[in-house]
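The values are calculated or read from the model by the stated rules, or taken from the named source; none is laboratory data. Worth saying up front: this structure is predicted, and the values here are computed from it rather than measured. Glycine also receives a Cβ, built like all others from the backbone with ideal geometry; neighbour counts cover every protein chain displayed.
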Amino acid sequence: MKKEELLGKEFKVLDKGFVRLVDVMGDDDSIVQAARVSYGQGTKTVHEDRGLIRYLLRHKHTTPLEMVEFKFHIKLPIFIARQWIRHRTANVNEYSGRYSEMTDDFYLPDPEQIRPQSTMNRQGRSEEELPDQTAMEIRTKLLNTQIKLYDEYKDLLNKDLARELARINLPLSNYTEWYWKIDLHNLMHFLKLRLDSHAQYEIRMFGQAMADIVKQIVPVAWEAFEDYQLNSMAFSGPESKVLKELLSGKNIEEINFESHGLKAREEREFKEKYKTITS
């Protein structure tokens, strides 16, 4: 899809959210020009331009990537916005509940996403699903609470309570909107984290929608990003020592991880990475 077709196109996310590309400055050529500090196009072949971009990503020379900027209009649940805002390398302007009424749009997870707490990850949900009836009961409770709290919010507004106070009991499932502008280097860092399988499902869906847009604007840079960052993995110094033992012919069960300074959690993480590259 061409840039002109992407601008303003709404990519649906979750039940009521979306990502829209509002504006973009630059493309793959902009990265090449910045890297060479040159003007105009056609100074090198397409093959050489691709090689340069891949070199930049491979060796983490990130400044030329900052010459490309994306501006998005995003509608997302407040609890995802609070995770998202931790990425402090963007310019943000959010819908204000002080100036305007909050909408009655609330996120309601699909039944298959209503899961128990993970026993391995304190931050996330389990891979196991709850029984259908239990999931539907929880979903109904969430919906009823959202309706009740929004009705109370409207009642407070009707009593002429200031909007900035009337909103304070609304739940984190309420949708908000913002304009979010960021350069390509920092956007790739955001997507590296938020497309990871350990990231919360809901923010991963927004990350995927943005990735679908970005890869069409900077296809060469995106290919290099996938190869050298998104689908790559790093090994620490102690993990490298374990790898040397494995390459020398040892079985993974014979390795004394603690002797290399790897505690139980690090051992588990290494085994997950090793399984990925050997399966």
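Looking at the structure I just gave you, is M188 among the aliphatic types (A, V, I, L, M), modelled with pLDDT of 95 or more, closer than 24 Å to K71 by Cα and assigned to a loop (DSSP other than H, G, I, E, B)?
Spelling it out, it is not the case that M188 is among the aliphatic types (A, V, I, L, M), modelled with pLDDT of 95 or more, closer than 24 Å to K71 by Cα and assigned to a loop (DSSP other than H, G, I, E, B).
Go through the range 43-87 and report how many residues are without any contact (Cβ under 8 Å) to a residue 12 or more places away in the chain, of a type in the set (A, V, I, L, M, F, W, C) and closer than 28 Å to R20 by Cβ.
1
Before we move on, is Y55 surrounded by fewer than 20 Cβ atoms within 10 Å (Cβ to Cβ), of a type in the set (F, W, Y) and assigned to a loop (DSSP other than H, G, I, E, B)?
no
For the range 58-70: of the residues being assigned to a loop (DSSP other than H, G, I, E, B) and over 21 Å from the mean Cα position of the chain (by Cα), which is surrounded by the most Cβ atoms within 10 Å (Cβ to Cβ)?
It comes out as H61.
Residues checked against (1) within 23 Å of G97 (Cβ to Cβ); (2) in the same structural domain as T145 (by TED's automatic domain parsing):
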{"residue": "L156", "(1), (2)": "yes, yes"}
{"residue": "A162", "(1), (2)": "yes, yes"}
{"residue": "L187", "(1), (2)": "no, no"}
{"residue": "K192", "(1), (2)": "no, no"}
{"residue": "E202", "(1), (2)": "yes, no"}
{"residue": "M205", "(1), (2)": "no, no"}
{"residue": "K215", "(1), (2)": "no, no"}
{"residue": "V220", "(1), (2)": "no, no"}
{"residue": "E226", "(1), (2)": "no, no"}
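Evaluate the following for Y179: is it in contact with a Lys or Arg (Cβ under 8 Å, 6 or more places away or on another chain), surrounded by fewer than 17 Cβ atoms within 10 Å (Cβ to Cβ) and closer than 30 Å to K215 by Cα? Before you say what the answer is, go through the steps one by one.
Working: in contact with a Lys or Arg (Cβ under 8 Å, 6 or more places away or on another chain): yes; surrounded by fewer than 17 Cβ atoms within 10 Å (Cβ to Cβ): no; closer than 30 Å to K215 by Cα: yes.
No: the conditions fail for Y179.
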